1. Which order do THR218, THR182, THR194 fall in if you start with the one that has the fewest other Cβ atoms within 10 Å?
2. Of all beta bridges DSSP finds with both residues in the range 80-311, what is the antiparallel percent, to the nearest 5?
3. Dividing the Cα radius of gyration by the Kirkwood radius, what Rg/Rh value follows for the range 80-311?
4. In which sequence would CYS147, CYS117, CYS208 go, from the one with the fewest C-beta neighbours within 10 Å to the one with the most?
5. Can you run phi through the Karplus equation (6.51, -1.76, 1.60; θ = phi - 60°) for the range 135-147 and list ³J(HN,Hα) in whole Hz, with x for Gly and Pro?
6. Would you kindly give the portion of the calculated P(r) for the range 81-141 that falls above 17 Å, as a percent of all Cα pairs?
7. Which of SER12, SER207, SER7 comes first, and how do the rest follow, when ranked by fewest Cβ neighbours within 10 Å?
Amino acid sequence: MKPSQASRTALSTALMRALHSRSDPAPLLDDPWGDRLVPETARAALRERMLERLGPALRDKAGASPDKMLDAALRASPAYAAVILRSRYTEDALKAAVAEGVTQYVLIGAGFDSFLCRRPDWAEGLAIYEVDHPATQGLKRECLRKCGVAESESVHFVAADLSVETLASALARSPFDATQPTFFSWLGVTVYLTREANLATLRAIASCAPAGSELVFTYIDEATLRGADHPGAEALRSLQSTVASIGEAFLSGFDPATLKALLLGTGLLLTEDLGGEQVLARYDAEGVNGLQPGLAGHIAHARLVSAAWTAA
């Protein structure tokens with residue numbers, strides 16, 4: 001399978017996590033796997049496209065090394081901080097959920113996430129379900145094999161195009177147990193789906209796991225997508241232009257003011273909703289890693305509640 005058939009954002013975010021792990025002063029993640037999993041053909045394509053947007057000053061700073069120039073372009077991306085912070089937040093929440101009895105982890109739009117490769121001791125008993133588009137997932141599995149990562153009975157790959165199939169339907173084709181408490185992550189995906197598709201996925205999550213299950217997902221403030229002013233609006237528009245040029249256009253967001261009511265209508269109770277500044281204050285308040293908030297991005301954490309609770 002060719003890298004061009006897989007999501008370029010999935011490949012670039014894996015490289016961002018690896019870059020952060022090996023080069024930032026106080027890494028929030030230990031995730032070197034992007035450097036191993038992303039094939040050189042994909043690196044070359046990303047390098048060519050990203051370097052077009054790398055200014056002369058950063059080019060000079062990186063020197064003549066293609067790898068250093070790619071690193072500079074990745075770090076300069078408006079999405080860099082968001083990718084790092086959302087991964088750390090999600091895995092912290094997952095660890096807490098496992099301590100409370102969660103036994104399944106579903107990654108919706110898993111991309112090149114490497115949790116299955118670096119599973120910590122506290123996650124040894126988890127059944128992992130990666131749900132992603134067939135093209136991206138096919139390339140990832142091929143790369144895992146080339147890296148010598150053996151497939152495990154506790155890791156299940158569920159190929160699905162969620163624009164034409166529901167999450168519940170996709171999981172029903174796997175060993176997923178709808179009676180077991182489950183943690184869902186849905187990172188960097190909602191902005192690429194229509195509002196209708198996002199609502200359908202939220203309802204599907206609430207319908208295919210028991211009360212007490214949890215979800216962490218990211219979203220963009222919809223007002224900024226409509227052109228409203230925001231501290232991260234300029235960076236967002238830059239990223240929006242970049243991803244649109246590779247066929248991954250931004251389609252929708254949510255309103256932070258109405259998110260709690262919207263989620264409750266789907267069977268989910270919002271427990272935390274953090275903007276970029278708030279997440280950064282939690283994980284890098286002193287600015288040691290030089291991460292910059294922006295993009296009008298949010299991380300939301302919700303818990304599935306019973307139908308009787310939502311009706312009340």
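Values quoted throughout were computed directly from the atomic coordinates according to the rules given, and no laboratory measurement underlies them. Only a predicted model underlies this, so the values are computations on that prediction, with no experimental measurement involved. Neighbour counts are summed over all protein chains in view; Cβ atoms, including those assigned to glycine, are modelled from backbone coordinates with ideal geometry.
1. Values: THR218 22, THR182 27, THR194 12.
So the residues, fewest neighbours to most, are THR194, THR218, THR182.
2. Working: 14 of 33 bridges.
DSSP beta bridges in the range 80-311 are roughly 40 percent antiparallel.
3. On the way: Rg = 17.3 Å, Rh = 18.3 Å.
Expressed as Rg/Rh, it is 0.95.
4. Numbers: CYS147 11, CYS117 15, CYS208 22.
Fewest-to-most ranking of CYS147, CYS117, CYS208: CYS147, CYS117, CYS208.
5. 5, 5, 5, x, 5, 4, 5, 5, 5, 4, 4, 5, 8
6. On the way: 768 of 1830 pairs.
Cα-Cα pairs of the range 81-141 separated by over 17 Å account for 42 percent.
7. Numbers: SER12 28, SER207 15, SER7 25.
Fewest to most other Cβ atoms nearby, the residues stand as SER207, SER7, SER12.
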